[in-house]
Structures are given as C-alpha cells and as structure tokens.
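First the structure, in the form of structure tokens, and then the observations on it.
What follows is calculated from the coordinates using simple rules that are stated; it is not laboratory data. Every value quoted in this text rests on a predicted model; they were computed, and no experiment measured them. With ideal geometry, Cβ positions are generated from the backbone for all residues, glycine too; neighbour counts draw on all protein chains shown.
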Amino acid sequence: MDMSNAAIMMPVFAQIALTFGVLLKVGTSRAAAVKAREVKISDIALSGEAWSNNIKKTSNNYNNQLQMPVLMYAAVAFCIMLDKVDLVAIVLAWAFVISRYAHAIIHIRSNHVVRRFKVFLTGGFILMALWVWLALRLYAIG
C-alpha cells in the first residue's frame, strides 16, 4: 500500500476506535445499570426511556458515530480509489476525526449543547471541505 493511502487510513481507524469505544461504554453502562437493578429489562425491552440520562446521552453519541462519519469513510475511499490522496485530504480527515472526539467528550461528559453544536458544525464544515477538495482535485486542479 502506498504511504499516502496508509496515512489517510489512520484517521479512519481512529474514528472506528472512537465508535467501538463509545459502544463499549454504552454496553458496560447498560449492563451495570441492569445488574444494580436501576432499570428492569422489561422497562427497556421496547424503549430506551427507562435508562438514566447518562446512559441515554452515551447511547445517543454512539448513534451519532454511525451517521456523519459515514461521509468521511466514503470520501476517504473515493480519495484512495481515484488516486487523489494528498496532504490536504489527510489533514482534513484528521481534523474531522478530532472534531468527532471533541464532540463525543462534550456529549458524554457535560453535554453542553451550545459547545457540542459548535463542535458538530465545525466537523460538518471540515467534512464538507474534504468533499469539495476531492471534487476540485478530480475536476479542476487534477
């Protein structure tokens, strides 16, 4: 594998690590709540409403990790397939993943909604820039 392709895959692995890390936190938190009898299985069989707010926000963050990052995975895959990996694409992919880590930390800890939204928007703009950069590389600047 070419070094630039390997380099752009690193943020993908970092994002996947974040996703699995949050999933592990959701699972262990839920198991602990059931074991401590804070919630009954019958109460959560059809709805997550009975979980504590901490478990809900972690679960919501896990769902977030399965949404916008898909666009980063696709952009990276297209960069590799179209031989358009360069330093700008690598930096943008890393910047997006860093924003996802920041978003996860805010969401799971303080859940300060305004701060979380600003970080979310920042990540969205970075991801948009990655796609614009790919389009420019493909159609305008080679």
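Just for the range 31-78: of the residues that are in a helix (DSSP H, G or I) and basic (Lys, Arg), which one is farthest from ALA6 (Cα to Cα)? If you could, list the steps in order and put the result at the bottom.
At the first step, the residues of the range 31-78 found to be in a helix (DSSP H, G or I) are 31-35, 41-44, 53-65, 69-78.
This time we only want the ones that are basic (Lys, Arg), so: 35, 56-57.
Working: LYS35: 43, LYS56: 36, LYS57: 33 Å.
The residue in question is LYS35.
The set of residues in the range 24-67 that are touching a residue at least 40 places away in the same chain (Cβ under 8 Å) and of a type in the set (A, V, I, L, M) contains only LEU66. The numbered conditions (1) part of a helix (DSSP H, G or I); (2) touching a residue at least 12 places away in the same chain (Cβ under 8 Å) are all true for LYS84 except (1). Against the numbered list (1) in contact (Cβ under 8 Å) with a residue 24 or more places away in the chain; (2) buried (at least 16 other Cβ atoms within 10 Å of the Cβ), THR122 comes up short only at (1).
Quick one: would you say PHE13 is among the aromatic types (Phe, Trp, Tyr), free of Cβ contacts under 8 Å to residues at least 60 places away in the same chain and within 20 Å of VAL132 (Cβ to Cβ)? No.
Any residue that is surrounded by 15 or more Cβ atoms within 10 Å (Cβ to Cβ), of a type in the set (Ser, Thr, Tyr) and under 21 Å from LEU18 (Cα atoms) - is there at least one of those in the range 91-100? Yes: one or more hits.
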